[in-house]
Amino acid sequence: MVDYPMTDMSSPILLPPQRLGRWHIDATVELAAVPMPFAEFLPGATPEAIAAEADWLLPKCADPTLRNGMLAFHTWVLRDGKHTILVDTCMGNDKERGGYAVFNRLRTSWLQGLASLGVAPQDVDYVMCTHMHGDHVGWNTQLVDGEWVPTFPRARYVFAQREFEHRHTAWKAGGSLPTGAFGDSVLPVMKRNQVVLVDSDHDLHGLLQLEPAEGHTPGNVVMHLAQPEGRAVLSGDVMHHPLQVKYPEWSSAFCEDPVKSAACRQRFVERHADSGTLILPAHFPSPSAGRIESAGNRWRYAFAG
C-alpha cells in the first residue's frame, strides 16, 4: 500500500441524508476519500475493464490515472424518533493499526460529526457491526485515561454470535487479525456487560433484520430496514466499491473467503437489482446510498444523490 494524501480530517463531514418512512438515515464520515490501488484491493480486476468504466468512475470513484479506487469510511446513523442506531463504527481514534500507516493512530472528527447531527454518545441505543474487521468496530470504544471504554455508555452493542466466536477464537490464538481490533474495540464493551450476541438472522425488535452474508468474514451479516414505504439494506463489506456491482465476481483482497464472498455478492446484486431497495454501503464514496439497476446482461450502481 502506498501512502496518499487524503481529505482534511479536522472538519466533520456528513453524507447527504435519506428518508425511509419514519426513519431518518444519516452518516458521519471518518475518512471521505482514501485512494487504494485497484491492483491491490480488487485483484481480479484488469486495467482494461477498469478503463472501460472511466465515464462513470471519474472523478468520484477513481483517481485520474484510473489506477486507484476511492474508498470512504463512514457510519450509518438511523433514527426513528424513539431509537438511535449506529451501524459500523469505522476505525476509531488512537488505535494501533500497523498494517496501513494511513489508518494507524487516527485523529479524526468522527465524533464531532455525530454531534453535528444532534446525537450525543448517551443518546445511542444500539451499536451494530456487520462484521468485526478493524474499520467497522473502532468507535465502539475510545481512550480515556489510558483505558479503552465504551464510547456509548447506554448502548447495547449487538453482534452476530458466529462472527464474535470466530474473532474471539482467533484473538485467543494470536491469529493474523487486524491489529488489536478485537482487544481494543470489542472486549472492553463485553467486559462492561453491554454486548448482546444474536443469531445471524436476528430480528432486532422489529427495527432491523439481520441476514447471514458469509464470505467477507465467516460471520458477516447485512441488515434490512423495512418500512411500508420501501426497504433499505446496510450492505457492509459485501461490496467495497461500485465496480463490484457490475463485476460481483471481483472479491476484494480483504475478503477472508473470496469464493464465498463472490457468490454472496452475486446473490445480493441479483436479488436487489431493479427492486427499488435503497443500498447503504460502508465504503462507497459520497453520496454512497443508491440502488442497483440492470444494465444489459450485468448491473450498474445508481447513486441516490
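Given their separation in residues at 0.36 nm each and the Cα-Cα distance between them, Arg67 and Glu293 gain 78.8 nm when the chain is fully extended. In whole Å, how far is the Cα centre of the range 158-225 from that of the range 70-91? Their Cα centres are 16 Å away from one another.
Could you pull out the GluC sites (Glu not before Pro) across the range 227-305 that fall in loop regions by DSSP (anything but H, G, I, E, B) with no more than 10 other Cβ atoms inside 10 Å? Within the range 227-305, the qualifying GluC sites (Glu not before Pro) (loop, at most 10 other Cβ atoms within 10 Å) are Glu229. What FRET efficiency do you get for Asn193 and Arg19 if R0 is 35 Å and r is their Cβ-Cβ distance, rounded to the nearest 0.05? With a Förster radius of 35 Å, E is 0.50.
Note on the chain: Lys pairs 8 or more places apart or on different chains, Cα atoms under 20 Å apart, count 5.
For Lys95, nonlocal amide neighbours, meaning residues 5 or more places apart or on other chains whose placed amide H falls under 5 Å from its own, are Arg105, Leu106. This ranking places Leu31, Leu114, Leu14 by how few other beta-carbon atoms lie within 10 Å of each, fewest first, which gives Leu14, Leu31, Leu114.
Counting every alpha-carbon pair across the range 13-303, the share separated by more than 35 Å comes to 12%. Amide H contacts for Trp76 (H built 1.01 Å from N in the peptide plane; partners 5 or more residues away or on another chain; cut-off under 5 Å): Val87.
By the helix-only formula, in which each DSSP H run with n ≥ 4 contributes -39500 (n - 2.57) and the sum is divided by residues, the chain has a 222 nm mean residue ellipticity of -5000 deg cm²/dmol.
About its Cα centre, the chain has a charge dipole of approximately 360 debye under the convention of +1 per Lys or Arg Cβ and -1 per Asp or Glu Cβ, with nothing else charged.
Going by C-beta contacts inside 10 Å, put Ser275, Ser288, Ser109 in order with the fewest on the left.
Ser275, Ser109, Ser288
3J(HN,Hα) along the range 211-219, derived from phi through the Karplus expression 6.51 cos²θ - 1.76 cosθ + 1.60 where θ = phi - 60°, amounts to 9, x, 9, 5, x, 4, 9, x, x Hz, with x in place of Gly and Pro. Only Cα pairs under 8 Å and 6+ residues apart enter the sum, and on that basis the relative contact order of the range 13-303 stands at 17 percent. Candidates Pro258, Met132, Trp171 compared by Cα position along the dipole of the chain: farthest toward the positive end lies Met132, with charges placed on Cβ. Note on the chain: with a GNM built from Cα contacts shorter than 10 Å, the maximum mean-square fluctuation among Pro17, Pro218, Pro35 falls on Pro17.
A dipole drawn for the chain from +1 and -1 charges on Cβ atoms has a positive end, and of Leu57, Gly98, Thr84 the residue lying farthest that way is Thr84.
Annotation: the antiparallel percentage among DSSP beta bridges lying fully within the range 13-303 is about 75.
Count neighbours as other Cβ atoms within 10 Å of each site's Cβ, and list the trypsin sites (Lys or Arg not before Pro) in the range 110-166 that are DSSP loop with at most 13 such neighbours. If you can, show how the numbers build up before the last one.
Numbers: sites: Arg154, Arg156, Arg162; in loops: Arg154.
In loop regions of the range 110-166 (DSSP not H, G, I, E or B), the sparsely surrounded trypsin sites (Lys or Arg not before Pro) are Arg154.
Please arrange Leu225, Leu210 by how many other C-beta atoms lie within 10 Å of their C-beta, fewest to most.
On the way: Leu225 24, Leu210 21.
Final ranking by Cβ density, sparse to dense: Leu210, Leu225.
In the range 167-238, what trypsin sites (Lys or Arg not before Pro) fall in a loop by DSSP, with at most 16 other Cβ atoms inside 10 Å? Don't skip to the answer; put the middle values down first.
Working: sites: Arg167, Lys172, Lys191, Arg192, Arg231; in loops: Arg192.
Loop-located and lightly packed - Arg192.
FYI, it's all coordinate maths here, none of it is from the lab. Predicted, not measured: the structure shown is a model, and the values here were computed from it. No Cβ is skipped: glycine too gets one built from the backbone with ideal geometry, and neighbour counts run over all protein chains shown.
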